[in-house]
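Here the structure is laid out as structure tokens; the discussion comes afterwards.
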Amino acid sequence: IEIYSLHVDCKVTSRFAHTIITSKIVNRANESREATFEVELPKSAFITNFSMSIDGKVYPGIIKEKASAQKEYDTAVSHGQSAGLVKITGRKLEQFHVSVSIAAASNVTFELAYEELLKRQLGKFELLIKVRPKQLVKHFQIDVHIFEPQGIRFLETDSTFMTNELTEALTKVQNETKAHILFKPTVDQQKINPELDETLLNGDFVVRYDVERGATAGDIQIVNGYFVHYFAPREMPVFPKNVIFVIDRSGSMAGRKIEQTRDALLKILQDLRPEDHFSFITFNSKVAEWKSSLLQATADNVASAAGFVQTLSASGGTDINRALLTAVSMLDKAERLPGRSVSMMILLTDGQPTSGESNVEVIQENIQKAVNGKYALFCLGFGFDVSYKFLEKMALSNGGIARRIYENADAALQLQGFYQEVATPILMKIEMQYPENAIEGLTKNNFKLFFEGSEIIVSGKISNELDLLPVEIKAQTHVSDLTLKEEANVKEKEQVFQNQSYVFGNFIERLWAYLTIQQLLEKSISAEEEDKRTLEAQALELSLQYNFVTPLTSMVVTKPTGQQQTELANKPTEAG
């Protein structure tokens, strides 16, 4: 079985990435053989299309509602389940894997398409392409086209497998608004050494970039009556933070995990700003406060905290409920905190609540009642023994986010990386306002906090014949209240994308659908049962309309007669 060609073709238009992976596989044997198509794609992407062409006949994947697809599948395969076609394979990736039997001297062409909205983190966008053909490929190429009407500020490529020879196969062409990256190694360049038929191509191929930002009220782009508004202000004064680290020191944290936590906290302490206030609460079955109140991050206090962190050891149970309630009450009682400041709690735990209140629903309710919208709660789940679902619901219900920290050598770096994302709040209570009677299907347009290095995205449909789309942004900065206004000329904006070969048709409409589905699913995590059903029904309708494999849909892949006929591609989620 020979992979004759493997092409990754990726078009990024204004942060929205559309990737098509095409692989042609030839059976050189004189009997039928199994051909396998195995690729990895980002967890944040939605698969939109899949097909196999065998001897001129096309077998397309059909996207259906998950429940009905499962029912059909169960009927077809009454004699035992086969695993789904998609599974999570790492921190950022999931794997799509399908095999089909092809006759002697036949060939099959697999094609998989997926889409995602690139998310700005720590000042850059990252496009991740996983490369692992497992054999030398006669025609191998990665082709990335980027078009950013705001202008490309910087662009870099990075890869975990580059050698000097392979660098020669990489070309980058770039002007103000466009970039083209081509990676096309010959078979000889792919080899680990000339004698062996082993491939070097195994790892990540990453493109990172950021865009120019001129206009103060962000940047608006419009195609076919759909708009997207990007907002990422710079050079604003930073809000002082009041942050309480709530650290699990139960028995399961013992050893490497508590060591890595200590390392990360020591680094994070160095990153606190002098005007920040902070404290630690550690917990097993007992809850211990390092100090009875928050302290200012002076050099002395930071040094004393470092001394405390170095003594952290782990044993006992896990009382998450009381630990968080103690943190909330410490923030409630805090005096002499800066007038305009941002208060947050960062919980790090590696297990289920076992001591005190252990019913997760009750804990969620208690915490939400106590926090009452005043503070942001970030939940970091260390490893795979945590109930990620519980942490995610708790964070999303309290203005924060959840993250999984993987139990690897770099866990301390993961913790620090997360802290850096939330370390610089520069806006609070952001409201993105548009003319009410002229916009339909507006995505989320008010945000509690904006952190430096990230980006706010709002999208919607312009419902009537507007010539000008006025926008107004209201927010609080550390020093004052802010109002920014902007007017977008609809016809001029539409012009930008006309006759661009880079653009895939209605891309802003698809971006709008992608963003809306992501937000509906996220909202449903912390919603009551009845609301949850409504939100999921809306997300399902859009998933089917725009042909996305989301947690609510499945792709049914049908194979030629005589083989296990149907298989399902489902979207795995972090909460499992």
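The values are calculated or read from the model by the stated rules, or taken from the named source; none is laboratory data. Since this is a predicted model, take the numbers as computed values, not measurements. Every residue, glycine among them, receives a Cβ derived from its backbone with ideal geometry; neighbour counts consider all protein chains shown. Remember, those area values only see protein heavy atoms, side chains included, never the ligands or the DNA or RNA. Shrake-Rupley method; radii C 1.70, N 1.55, O 1.52, S 1.80 Å.
To the nearest µm²/s, what D does Stokes-Einstein give for the chain at 25 °C and 0.890 mPa s, using the Kirkwood radius over alpha carbon pairs as Rh?
On the way: Rh = 26.1 Å.
Translational diffusion coefficient: 94 µm²/s.
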Loop trypsin sites (Lys or Arg not before Pro), region 451-493, which have at most 14 other Cβ atoms in a 10 Å radius of their Cβ (DSSP): none
Given a 1.4 angstrom probe, I'd like the percentage of the accessible area of region 112-263 that is carbon and sulfur, rounded to a whole number. 45 percent
Would you give the gap between the C-alpha center of region 398-458 and the C-alpha center of region 154-174, rounded to a whole Å? 31 Å
Could you work out how far helix 320-333 tilts from the main Cα principal axis of the chain, as a 0 to 90 degree angle to the nearest 10? 50 degrees
Along the Cα-to-C-beta direction of ALA104, a point sits 7 Å from the Cα; which residues of region 30-66 have their amide N less than 12 Å from that point? 30-33
Among GLN565, THR261, LEU85 the positive-end extreme of the charge dipole of the chain (Cβ point charges): THR261
Helix 256-271 vs. the chain, principal-axis angle (Cα, 0 to 90°, nearest 10): 70 degrees
Within region 543-564, find all residues whose amide N lies under 19 Å from a label point positioned 7 Å from the Cα of LYS119 along Cα-to-beta-carbon. 549-552
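Please compute the length gained on full extension between ASP271 and LYS57, using 0.36 nm multiplied by the number of residues separating them and subtracting their Cα-Cα distance. Display every interim value, and only then the final one.
Details: separation 214, 0.36 × 214 = 77.04 nm, distance 5.94 nm.
Gain on extension, ASP271 to LYS57, equals 71.1 nm.
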Using only the Cα atoms of region 323-431, build the gyration tensor, take square roots of its eigenvalues as a ≥ b ≥ c, and label the shape rounded, prolate or oblate: rounded if a/c is under 1.5, else prolate if a/b is larger than b/c, else oblate. oblate
To test your reading of the geometry: what angle, between 0 and 90 degrees and rounded to tens, separates the Cα axis of helix 360-371 from the longest principal axis of the chain? 50 degrees
Do any trypsin sites (Lys or Arg not before Pro) in region 249-349 lie in a DSSP loop with no more than 10 other beta carbon atoms within 10 Å, and if so, which? ARG336
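Per residue, how much accessible surface does region 108-170 expose to a 1.4 Å probe? Answer in Å², no decimals.
Details: 2580 Å² over 63 residues.
So region 108-170 comes to 41 Å² accessible per residue, rounded to a whole number.
How high is the relative contact order of region 360-405, in percent, counting Cα pairs under 8 Å that sit 6 or more residues apart?
Numbers: 60 pairs, mean separation 20.1, N = 46.
It rounds to 44 percent for region 360-405.
May I ask you to give the solvent-accessible area per residue for region 207-281, in square angstrom, as obtained with a 1.4 angstrom probe? Working shown, then result.
Numbers: 2350 Å² over 75 residues.
Ligands and nucleic acids excluded, the figure is 31 Å² per residue.
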Loop-only GluC sites (Glu not before Pro) in region 1-77, please: DSSP not H, G, I, E or B, and at most 12 other Cβ atoms within 10 Å. GLU31
From the phi of every residue in region 117-126, what ³J(HN,Hα) in whole Hz does the Karplus formula 6.51 cos²θ - 1.76 cosθ + 1.60 yield, where θ is phi - 60° and glycine or proline is x? 9, 6, 9, 7, 9, 6, x, 8, 9, 10
Residues of region 436-473 with amide nitrogen under 15 Å from the 7 Å Cα-to-Cβ point of ASN224? 460-462
I need to check one value: relative contact order of the chain, counting alpha carbon pairs closer than 8 Å and at least 6 residues apart, in percent. 17 percent
